[in-house]
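These notes concern the structure reproduced below.
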Amino acid sequence: MSEPVLKTESLHKSFGSLEVTRSVSIELPRGARHALIGPNGAGKTTLINLITGQLTPDSGRILLDGADITATPVAARVHRGLTRTFQINTLFPDLTPIEAVTMAVCEREGKASQFWRPLTAHAEAIGEAFEILTRLRLGDDAMRTTRHLPYGKQRLLEMALALATKPKVLLLDEPAAGVPKDESAMLFSVIAALPEDMTILFIEHDMSIVFTFATRIVVLVSGGVLLEDEPDVVRSDPRVREVYLGQAHG
Amino acid sequence: MIGNLAIVLFDGLAFGMLLFVLSVGLSVTLGLMNFVNLAHGAFAMLGGYATVVATRELGLPFLWSLPVAFIVAALVSVAFERTLFRRLYRAGELNQVLFTIGLVFVAAASAAYVFGTAQQPIELPEFLRGVTEFAGFRFGSYRIFLIVVALVITGLLVLGLEYTRFGAQVRAAVDNQRAAQGLGIDVDSVFAMTFALGSGLAGLGGALAIEMVGLDPSFGFHYLVYMMIVVSVGGLGSIAGSFVAASLLGVADVAGKYFVPELGAFMIYLVMVVILFMRPQGLIGKR
Amino acid sequence: MLNARTAADPHAWLRRQARWSPWEVVFWLATIIPFYFFPTYLTLASQVAVTALFAISVDLVLGYAGIITLGHAMFFGLGAYFAGLLTKTGWGEPLSGLVLAGLFAALIGFLVSFIIVRVQHLALLMITLGLGLLTAELANSLGWLTGGTDGLQGVDVWPIFSRFEFDLWGYTAYAYALIVLFIGVVASQRIVHSSFGLSLRGVRENLTRMPAIGSPYRRHLQIAYTISAGLAGIAGAVLTQTTETVSLDSLSFQRSADVVVMLILGGTGRLYGAILGAAIFMIARDQLSGMNPQYWYFWIGVLLMVVVLVVPNGILGGLSRLVRGRGT
Amino acid sequence: MFARIAAVLALGVGLMWSAQANAQDTIKIGLIMAYSGPFADTANQMQAGIDLYMQQHGDEVAGKKIEIIKKDTGGPKADEAKRLAQELIVRDGVDILAGFTLTPEALGAAAVADQAKKFMVVMNAATSIITEKSPYIVRTSMTIPQLNTAFGKWAYEKGGVKQAYTLVADYAPGVDASTAFAKGFTDAGGTIVGADKSPMGPPDFSAFVQRIKDASPEAVFVFIPGGAQPPALGKALAERGLTPPNTQIFAQGELTFPEAIKSMGDTAKGIITTFNYTMERDDPINNAFVKAYRDANKGRSPDIYSVGGYDGMHLIYEALKKTGGSTDAAALVKASEGMSWESPRGKMVIDPETRDVIQTVYIRKVEEVDGQLQNVVIDEIPDVKDPLHGAK
């Protein structure tokens, strides 16, 4: 097994007396398709916030390609290839998708500070943005204002923005949250089509999707890792059935 | 020397208390409703003129004119809230700024038209004039009165918000409007009541301010900046925050002028900038 | 067919966003009208142009980058004083004075930006206000340099290109202010339509997302704030040069507040909203105060309130909705 | 090239308009004052003085009709005043600029008066340098050094104090006043034991008053603008026990404006102030003026601003009579120089050298008269000139 691309070492985070992340150590090898599951309030989103830097851990380390990024600011982690999406749409309501994604591409290329050069002079960036949008089936909507897009397309745009940063590691926080079942299948087919060497960790509640797309599953309960293994093992683990599935159905 | 310091601090505290009464209503309405009411100073001015009319034209004693100032400002403000301001709750803060500034213009022009541009002196009862000697020090009687009034108001507000049904509703609405609505709280009328309370306090502050800082049609503009300083330094929606901020600013201002008079004009702004840079949410702010 | 193709071409679409509309051409042609038909309004027109430029500088931070400010007169005044003091050293050439004043204000803006980008919302508003008031107090207490409340004395600006004197009617003043405004608008448009301008809009639209797409947004804000400060400084310098006066009022809170009011009145985030707001506010003030010097601001207040109730996005916002509504 | 021709043509059209205005038999006077904003009261009092004069003397002079055009600056804004002056001349075709409640207004307009060669009458703004900015400027108010240098000398020689502390508002007039008082006082032999400047923000003087008390001087000299500050300062002084006769309080007259005295009550007793006009001065011209003023203004009393406006109009009327209605600035200035008359303030002369007023400086003391506190004239210093012009 090769060196993991992303690795956390006993991450801890508390809010006051509430421990939301306890001693989480996970590893994502190159090209991973890991799912992060767990009941509501298990600390899944908090963990992503910790990894991407929206939150600072109380203790523990985060390593990207072997380098310690625990204290690295969010934007710098993105530049190193660690990107996330948000469970609740975090978009630019008054921009069009082509503007938003072009912006993300320009930011990646370090061209966003050039205030004297017209945007249209960055033809490659615009082309790349449009290519990403087309790939995500947003080509026809690229020039519509984001706030007027249907919800499902906004979820796609959420992902397009992340892809524009050319991530090595992509953390997807419930990419299909709130999307009807038939559309969510479409969304995951987009995810499945992402380059094989891209490392992906996704949070998802729909178990059928999890078992279809994930090659490995991390089960998080009350802030700690309960189990990490292959789908078949997780599926048959009695603790998971009790803690997670039992609760989900109860 | 220590005595001098004490008296300077006392004076600063009294001035701070005036700022507190003027500002606390703004803090509550801004914190509760997210409504940027730059006309708060105009309601204070209204209270001031109400007191002037009540004492001079109607012959009421000064103390009795204070509730009049409160009630007049509260009633007028609630009329505005019901008819105009409520349309702006969802209109964004820029629109709120523009609208309420417009109202301050209108209020200032109206005051100049009705009352003229001159200062409006008021006559105080004998026991509020002059000084009270205590332990060899001379304290301004009116300043003592101001501090007492401010403490009473703080007490009433804190108790009212902690222990009354209305207070619970206000706190619930501040924390989470939607949840409060779900609990069957009539958020609409809670807003109206809070607004009336906040503006009433401004009116009371305006009445109390005449003796200390005078009253003319530019009052609404003039004291707006100080009100906003108190509110921001104290933290939105926090009564205790406004109290602490107002005391601190009053004392810092007077102490600054006393010890480093060259910096007198800068003190209050410097303190504000430094505090807000360190604690953007204010001294006792939630957000 | 052609329509469908252009609609699908993002390059063409983005180019179209940055293109001049016929309205803009009409607008700039209209700015020449005062020379021929309202020659007695030229001094007012020149001050409208100055204020419009100032409002544009505020629009860059408030309308585009979402930095709300109540202290921008600080940079306007610094530019004004710098331009005035420069002439007192014996160098009264206006164009270089303009550039130097702008650079000076931009430098101060750059220093201040380190504070500004670390706070938001009410704290940001109050810190800008506080810094503005501190600067005004500083200018007052440096009476030996600034002349205090009496204003700076002995400002002597040379004729432009050693030829065009600032005349009593205001021909030179308006032409000068108008040209500077035009250059300011063209430069601002270039900035707004750059990749940088796009990122600024991103910051305004969603501050949380910016770092998540790898944006060093604080640096963007610093650049925007610096540029805006420089532009405000240039506006102040034009005022100094066209009036040969500088008073403490150029740094006052009232000027900071007025310009924000004008900007909101015209409509934020559109550049032309700033110009329109400044023009409407100042012309209304001139006409109303001419009719009733004592109580004119009553009607200004009514104007502001009515605008909010009728066109909540500012006058230009309302107009553009009207035009678009008709178009489709 | 085309643009240039067009500009010349337009200029011609514009000049025709203004020439048209001149052709008629009216004389237009443009008043530039801060009618709105925090200094509005000053402008309103001055306007009332102007109105009263015109009401008493009619609106016709030398066969021409006088027309007033009012412009509001909104505050101490030099650029605004300059623009308004330009507009008054090119748009409204005024012949005379007048008013000017605040120094920056006068300084802003001065350059325009000079360039356009218009007669300019400063009716209040009190910084010395104003009349030096153009040979067409005449002032009918006073200058701060004029009053306070004389006052400083008086305080030492007749006020019975050898040392004093100065506290002035931290703005240009305040600085002028403290310099002037200190000069008069120390030249006469006195010592200034301390000097403070209080910011123009909210009127809370307790810290400065405590500093004065710490220094325990024989006297305090105070200069603050009218409005909210005088009563606040008066009360703060009294709270610390800094009251006459133990500590003499000297001030320019703003401190004891009628509203301020009313608000201060008994604590105002014994305060000694200087002004160039005192409404309580018993004199037939003044008494008639005060009565007429009160009748016209709902009982409001006149103050120095009212008199500045009243005398300013007198100067304009009389100068026009001398020139036979000509509004040529040089002629009007010539007619004004040396002009002398009995005003409600007493005898006043326009100094032919400086175009400032030579007048009596009154020393007043707050005393109880018929159960009412008021300013009572206790001394007069006749024929005082502005001391600063002489030095230049």
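Just name the residue that is farthest from residue D:232 (Cα to Cα) out of those in segment D:256-274 that are at pLDDT 95 or above and within 16 Å of the chain's Cα centre (by Cα).
D:274
Kindly indicate the residue of segment A:134-151 that is within 8 Å of another protein chain (Cβ to nearest Cβ) and either among the small types (Gly, Ala, Ser) or touching a helix residue (DSSP H, G or I) at 6+ places or on another chain (Cβ under 6 Å) (or both) and also farthest from residue C:10 (Cα to Cα) among those meeting that condition.
The qualifying residue farthest from residue C:10 (Cα to Cα) is A:139.
Among (1) more than 30 Å from residue C:16 (Cβ to Cβ); (2) surrounded by fewer than 20 Cβ atoms within 10 Å (Cβ to Cβ), where does residue A:109 come up short?
(1)
Being of a type in the set (Asp, Glu) and loosely packed, with under 15 Cβ neighbours inside 10 Å is the filter here; which residues of segment D:46-59 pass it?
Filtering segment D:46-59 down to residues of a type in the set (Asp, Glu) leaves D:51, D:59.
Matches in segment D:46-59: D:59 only.
Among the residues of segment B:277-286, is there at least one that is charged (D, E, K, R), within 14 Å of chain D (Cβ to nearest Cβ) and over 18 Å from residue B:35 (Cα atoms)?
Within segment B:277-286, none of the residues are charged (D, E, K, R), within 14 Å of chain D (Cβ to nearest Cβ) and over 18 Å from residue B:35 (Cα atoms).
All but one of (1) within 14 Å of chain C (Cβ to nearest Cβ); (2) at pLDDT below 95 hold for residue A:176, so report the exception by its number.
(1)
Find the residue count for segment C:130-160, including only residues that are more than 8 Å from every other protein chain (Cβ to nearest Cβ), of a type in the set (S, T, N, Q) and over 26 Å from residue D:114 (Cα atoms).
Looking only at that region, the number is 1.
Can you tell me which of D:11, D:31 is at the interface with chain C (Cβ under 10 Å from one of its Cβ atoms), modelled with pLDDT of 95 or more and surrounded by 15 or more Cβ atoms within 10 Å (Cβ to Cβ)?
Result: D:31 is the single residue among D:11, D:31 that is at the interface with chain C (Cβ under 10 Å from one of its Cβ atoms), modelled with pLDDT of 95 or more and surrounded by 15 or more Cβ atoms within 10 Å (Cβ to Cβ).
Looking for something within 11 Å of another protein chain (Cβ to nearest Cβ), closer than 23 Å to residue C:301 by Cα, touching a Leu at 6+ places or on another chain (Cβ under 9 Å) and touching a residue at least 60 places away in the same chain (Cβ under 8 Å) - is there at least one such residue anywhere in segment B:39-58?
Within segment B:39-58, one or more residues are within 11 Å of another protein chain (Cβ to nearest Cβ), closer than 23 Å to residue C:301 by Cα, touching a Leu at 6+ places or on another chain (Cβ under 9 Å) and touching a residue at least 60 places away in the same chain (Cβ under 8 Å).
So which of A:76, A:100, A:112, A:123 is under 20 Å from residue A:153 (Cα atoms) and within 14 Å of chain C (Cβ to nearest Cβ)?
None of the others qualify; the one that does is A:100.
Would you point out which residue out of A:155, A:147, A:117, A:137 is at pLDDT 90 or above and in contact with a Leu (Cβ under 8 Å, 6 or more places away or on another chain)? Let's see the steps before the verdict.
Numbers: A:147 fails: in contact with a Leu (Cβ under 8 Å, 6 or more places away or on another chain); A:117 fails: in contact with a Leu (Cβ under 8 Å, 6 or more places away or on another chain); A:137 fails: at pLDDT 90 or above.
When all the criteria are applied, what remains is A:155.
Filter segment B:276-287 down to the residues that are over 19 Å from the mean Cα position of the chain (by Cα) and buried (at least 24 other Cβ atoms within 10 Å of the Cβ) and list them by number. Please lay out each step first, then the result.
In the first step, residues of segment B:276-287 are kept if they are over 19 Å from the mean Cα position of the chain (by Cα); the result is B:276-281, B:286-287.
Scanning segment B:276-287 gives a single hit, B:276.
Within segment D:185-208, track down each residue that is surrounded by fewer than 24 Cβ atoms within 10 Å (Cβ to Cβ) and either modelled with pLDDT of 95 or more or more than 9 Å from chain B (Cβ to nearest Cβ) (or both).
Within segment D:185-208, D:186, D:187, D:188, D:189, D:190, D:191, D:192, D:193, D:194, D:195 qualify.
If I filter segment A:172-202 down to residues being of a type in the set (Val, Ile, Thr) and either in a helix (DSSP H, G or I) or over 15 Å from the mean Cα position of the chain (by Cα) (or both), which single residue comes out as farthest from residue A:28 (Cα to Cα)?
Here is the first cut: in segment A:172-202, the residues of a type in the set (Val, Ile, Thr) are A:179, A:190-191, A:199-200.
Among the residues that remain, those that are also either in a helix (DSSP H, G or I) or over 15 Å from the mean Cα position of the chain (by Cα) (or both) are: A:179, A:190-191.
Details: A:179: 27, A:190: 21, A:191: 17 Å.
Once the filter is applied, the top-ranked residue is A:179.
If you check residue C:122 against the conditions, is it facing chain B (nearest Cβ under 8 Å), at pLDDT below 90 and not in a loop (DSSP other than H, G, I, E, B)?
yes
For segment D:74-89, how many residues meet the condition of being facing chain C (nearest Cβ under 7 Å), out of contact with any Lys or Arg (no Cβ under 8 Å at 6 or more places or on another chain) and either charged (D, E, K, R) or surrounded by fewer than 24 Cβ atoms within 10 Å (Cβ to Cβ) (or both)?
Looking only at that region, the number is 5.
Test each condition in (1) over 20 Å from residue D:336 (Cα atoms); (2) assigned to a helix (DSSP H, G or I) for residue D:54 and report the one that comes out false.
(1)
Identify the single condition in (1) in the same structural domain as residue D:181 (by TED's automatic domain parsing); (2) closer than 23 Å to residue D:381 by Cβ; (3) of a type outside the set (A, V, I, L, M) that residue D:280 does not satisfy, given that it satisfies every other one.
The single condition residue D:280 does not satisfy is (1).
Considering C:78, C:86, C:70, C:14, which residue is assigned to a loop (DSSP other than H, G, I, E, B), surrounded by 14 or more Cβ atoms within 10 Å (Cβ to Cβ) and not basic (Lys, Arg)?
C:70
List the helices (runs of 4 or more DSSP H) inside segment B:151-268, counting only whole elements, that have at least 3 residues being within 14 Å of chain D (Cβ to nearest Cβ) and buried (at least 23 other Cβ atoms within 10 Å of the Cβ).
B:187-213, B:224-234, B:239-259
Of all residues in segment A:19-40, count the ones that are touching a Gly at 6+ places or on another chain (Cβ under 9 Å) and surrounded by fewer than 22 Cβ atoms within 10 Å (Cβ to Cβ).
5
Residue under question is residue B:81, and the condition is that it be over 30 Å from residue D:259 (Cα atoms) and touching a residue at least 24 places away in the same chain (Cβ under 8 Å); does it hold?
Yes: the conditions hold for residue B:81.
Among the strands (runs of 3 or more DSSP E) lying completely within segment A:1-113, list those that include at least 2 residues that are in contact (Cβ under 8 Å) with a residue 12 or more places away in the chain and farther than 21 Å from residue A:125 by Cα.
Ranges flagged: A:6-15, A:18-24, A:33-37, A:59-64.
Filter segment A:203-218 down to the residues that are in a helix (DSSP H, G or I) and at pLDDT 90 or above and list them by number. Write out each step before concluding.
Looking only at segment A:203-218, we keep the residues that are in a helix (DSSP H, G or I), and these are A:207-213.
Those that are in a helix (DSSP H, G or I) and at pLDDT 90 or above: none in segment A:203-218.
Could you tell me how many of the residues in segment B:89-100 are facing another protein chain (nearest Cβ under 7 Å) and in a helix (DSSP H, G or I)?
Final tally of qualifying residues: 5.
When you scan segment D:332-385 for strands (runs of 3 or more DSSP E) that lie fully inside it, which ones turn up with 2 or more residues that are free of Cβ contacts under 8 Å to residues at least 40 places away in the same chain and surrounded by fewer than 16 Cβ atoms within 10 Å (Cβ to Cβ)?
Values: elements: D:340-343, D:346-350, D:357-369, D:372-384.
So the answer is D:340-343, D:372-384.
Can you confirm whether residue D:295 is buried (at least 21 other Cβ atoms within 10 Å of the Cβ), modelled with pLDDT of 95 or more and not small (Gly, Ala, Ser)? Show your work before the answer.
Working: buried (at least 21 other Cβ atoms within 10 Å of the Cβ): no; modelled with pLDDT of 95 or more: yes; not small (Gly, Ala, Ser): yes.
When the stated conditions are applied, residue D:295 does not pass them.
Which of the residues that make up segment D:90-116 are closer than 18 Å to residue D:333 by Cβ, out of contact with any strand residue (DSSP E or B) (no Cβ under 7 Å at 6 or more places or on another chain) and crowded, with 24+ Cβ neighbours inside 10 Å?
Once the filter is applied, which keeps residues that are closer than 18 Å to residue D:333 by Cβ, out of contact with any strand residue (DSSP E or B) (no Cβ under 7 Å at 6 or more places or on another chain) and crowded, with 24+ Cβ neighbours inside 10 Å, segment D:90-116 yields only D:112.
If we only count helices (runs of 4 or more DSSP H) wholly inside segment D:170-288, which ones have 1 or more residues that are within 17 Å of residue D:160 (Cβ to Cβ)?
D:172-187
The values are calculated or read from the model by the stated rules, or taken from the named source; none is laboratory data. For clarity, every value in this text was computed on a predicted model and none was experimentally measured. Virtual Cβ from ideal backbone geometry, glycine too; neighbours counted across all protein chains shown.
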